[in-house]
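Structure record follows, encoded as C-alpha cells.
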Amino acid sequence: QVQLVESGGGLVQPGGSLRLSCAASGSSSSIDNMGWYRQAAGNQRELVAGITRGGTTNYADSVKGRFTISRDNAKNTVYLQMNSLKPEDTAVYYCNAKIYMGAYYIYWGQGTQVTVSS
C-alpha cells in the first residue's frame, strides 16, 4: 500500500519561511511526477508546484519566485521550500505522486496545515 506522509507545516509570520516534506513509502515502482497542492477554506484545491522525475518544474503564478519544489528520487521524497510567505498562502497543503504499477495511479498525502499570520 502506497503512503505519502507530509511534514513541516505550522504557524509562521508574514515574510517567514517553511519547508514541507513528503515521503512516499510502500511502492517498489519508480515515482513519476510529484506535486504540491493546497486548499484554503471555502476554495477548491489548486496546484502549487509540480516536478517531474527528471527535475522539470512548474509553478502557480502566485508562488513563482517565492516557492521552490525539489525532490530526492533515492528517498522518494519531494520538498517545498516556501519563502516570503503571505497570509493568502494559508491553506492545507497536500502532496501527490503519480506512480506506474501496470497503469498510472495518483496518490495523495493526508495534508499539512500552513497558517501565515501575525
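What to note about this one:
- Remark: the chain carries 52 Å² of accessible area per residue (probe radius 1.4 Å; ligands, DNA and RNA excluded).
- Cα centroid separation, segment 101-115 to segment 1-23 (Å): 14 Å
- Principal axis dimensions, largest first and in whole angstrom, of segment 28-70 by Cα: 36, 25, 10
- Taken along the Cα-to-beta-carbon direction at a fixed 7 Å, the label points for Glu88 and Thr115 span 2.1 nm.
- Taking all protein chains together and a 1.4 Å probe, the residues Leu4, Leu11 rank Leu11, Leu4 from largest to smallest accessible area.
- Alpha-carbon Rg with Dmax, taken over segment 48-94, Å: 11.3, 34
- Dipole moment magnitude, nearest 20 debye, the chain about Cα centre, only Lys, Arg, Asp, Glu C-beta charged: 140 debye
- The Arg19 and Gln44 beta-carbon pair, evaluated with R₀ = 30 Å, returns a calculated FRET efficiency of approximately 0.75.
- Estimated FRET transfer efficiency (Gln1, Arg66; beta-carbon r; R0 35 Å; 0.05): 0.50
- Heavy-atom accessible surface of segment 47-118: percent carbon and sulfur, 1.4 Å: 49 percent
- Sites excluded, trypsin sites (Lys or Arg not before Pro) in DSSP loops with at most 16 other C-beta within 10 Å, longest stretch of the chain: 67-118
The values are calculated or read from the model by the stated rules, or taken from the named source; none is laboratory data. Since the structure is predicted, the reported quantities are computational estimates derived from the model, not experimental observations. Methodologically, a virtual Cβ is constructed for each residue, glycine included, from the backbone with ideal geometry; neighbour enumeration extends over all protein chains shown. Heavy atoms of the whole protein, side chains included, go into the accessibility calculation; ligands, DNA and RNA do not. Shrake-Rupley method; radii C 1.70, N 1.55, O 1.52, S 1.80 Å.
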